[in-house]
Every structure is written in structure tokens, then in C-alpha cells.
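The values are calculated or read from the model by the stated rules, or taken from the named source; none is laboratory data. Small disclaimer: the values here were computed from a predicted structure and weren't measured. Note: ideal-geometry Cβ built from the backbone for every residue, glycine included; neighbour counts use all protein chains shown. We work out accessible area using only protein heavy atoms, side chains counted, and drop any ligands, DNA or RNA first. Shrake-Rupley method; radii C 1.70, N 1.55, O 1.52, S 1.80 Å.
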Amino acid sequence: MEAALHQERLLLAFQPVVCAATGKVDYFECLLRMRDEKGGIVSGGEFITVVEELGWIGLIDRYVLKKTVKALAADPEVRLGFNISGMTAGDRPWLRSLTSLLRHRRDIARRLVVEITETAALGDIAESARFVDVLRHSGCRVALDDFGAGHTSLRQLQILPVDIVKIDGSLVGNLTSRPQTRMFLRHLLGLIKDFGLTTVAECVENAEDAALLRAEGIGYLQGHHFGRPTIGRGSLRTAELAVP
């Protein structure tokens, strides 16, 4: 991992988040990848746990932040988002890095989405709310990721001043054969909309689930059905054209 950092072998892959009604890309989520010593691509899920155990996750999250801001600066039309770890969600030095990078760069900040996981937000709800406040004051949008996987109450959702709620993939797959899950999802989406928040369904794998989610009123969709994570800034343009 240390060698990968020094040798610039940590890469960003981009996956589109698309409007359910139009299919137009709203933003791309940046997903971490590593090129191994033989040139192969390793997904973040294969090494992030080790990075966390080593205590290096803050370093990785700062790396992703800088790479994302650099990509936004290189293309004034694109919008990008990234997920931060639970530890970083309360890390003030990381937050200072973000505010420093975005100071006097509102054009970049307004095109950035910072995603925090539901479980991270639950750690200290008051501190999480302050953290989100700073992000939004800097001009970013904030998404609550993996919603429905943990135990966030609607009261806690009200306290956190997020812009976007991303529905966990466990509530999204195979909806045609899971009527009770679909009923729960319908209720959940209605409540989230009452807070005036945008909704995104994660892990949409097929046209049938996409159609059901549209029927239930989901705002945005993300998953392999709309585009797999792709490395290279050129993919940002081709994905805009390829998304159905």
C-alpha cells in the first residue's frame, strides 16, 4: 500500500448516478482502485479493511479528496462524489483539508458530493451534524450513504442536514419477488421525501428493478445496469452518452 501511494498506483473509477426520470447523469461516484505490481486492477473492497487496520484510512481519504478535487478542476462540466470512512466522518484535520482546498473555489465545491455512511453518522449524531454543516457551508452537497442498512431513526435524519439519501442495496435487489421489501421501501421513500431530500437507489442491477423503483418515485439510480465503475477521465464523457 505504501508503495502504491508513492508510485501513484491508487486510481479512481467512476460510476454514474442517473436521474430516474430522464437517464441523465447527475454525478459520478469516485470509487478507489489499486493497480498491482503486475498491472492488474484491485477493487477497494479487497484492501480497505487492511488499510483501516493499519490506521491509514485518513491518509487514503485525503488522497481521494485531492484526486477528486483535481479531477473537478480539470473538467468544469463534471460533477463527482466520493465516500469517506467512518473514522474520517469525525476527523477535523481532514475537514480542514477540504475547506482549504475549496476556499475561494465555489465552482468546484458546488459540483462535489461527499457521502457519509449511515453507521458513521450514528456514532455521534451531534458531531456528525456539525461535520455536515461545515461541508455544506463549504458549498458541497452531502449524501447519507447505505441508508436502511443500520438503525437511523427519522428524528436523526431530521437532525442531519444532508441533501441526498442513498438507499442501501439490500433494499433494492429483486423487488419483483420481495413484495414486503417493496412495501417497506415505498413507505421509506415517502418519509424521506417529506423531509425534502433527494433519494438515490444503490446497486440497481437490472431493468425490472429500475422500473419498479421509478414507479415508487425514486429520484436517482446507481448500479451496473446504468454503468459499471470505469477508470479514466475519458469515461466521464462516454458514460454521459451511454447511460440509457
For this session: With a 1.4 Å probe and every protein chain kept in, tell me what percent of the accessible surface of the range 3-153 is carbon plus sulfur.
Result: 51
For this session: Please tell me the relative contact order of the range 60-115 in percent, rounded to the nearest whole number, where contacts are Cα pairs under 8 Å and at least six residues apart.
Result: 48
Seminar exercise, completed: Under a Gaussian network model of the chain whose springs join Cα atoms within less than 10 Å, the largest fluctuation of 80, 65, 102 belongs to 102
Exercise. So for the chain: antiparallel DSSP bridges make up what percent, rounded to the nearest 5?
Worked result: 45
Exercise. Counting only protein heavy atoms, what percent of the accessible surface of the range 164-229 is carbon or sulfur at a 1.4 Å probe?
Worked result: 52
Exercise. Hey, what did the chain get for relative contact order, percent, Cα under 8 Å, at least 6 apart?
Worked result: 21
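Which whole number in µm²/s is D for the chain by Stokes-Einstein, with the Kirkwood Rh taken over Cα pairs at 37 °C and 0.692 mPa s?
On the way: Rh = 18.5 Å.
Taking Rh from Cα pairs, D becomes 178 µm²/s.
When only Cα pairs under 8 Å and 6 or more residues apart are kept, what is the percent relative contact order across the range 1-146?
Taking the mean separation of contacting Cα pairs over the length of the range 1-146, I get 18 percent.
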For this session: May I ask you to give the solvent-accessible area per residue for the chain, in square angstrom, as obtained with a 1.4 angstrom probe?
Result: 48
For this session: Quote the FRET efficiency, to the nearest 0.05, computed for residue 73 versus residue 194 with a Förster distance R0 of 30 Å and r equal to the Cβ-Cβ distance.
Result: 0.20
Seminar exercise, completed: Rounded to the nearest 5, the percent of antiparallel DSSP beta bridges in the range 1-117 equals 60
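When the chain is fully extended, how far beyond the present Cα-Cα distance does residue 22 get from residue 35, taking 0.36 nm per residue of separation? Don't skip to the end; give the middle numbers.
Working: separation 13, 0.36 × 13 = 4.68 nm, distance 3.47 nm.
Here the answer is 1.2 nm.
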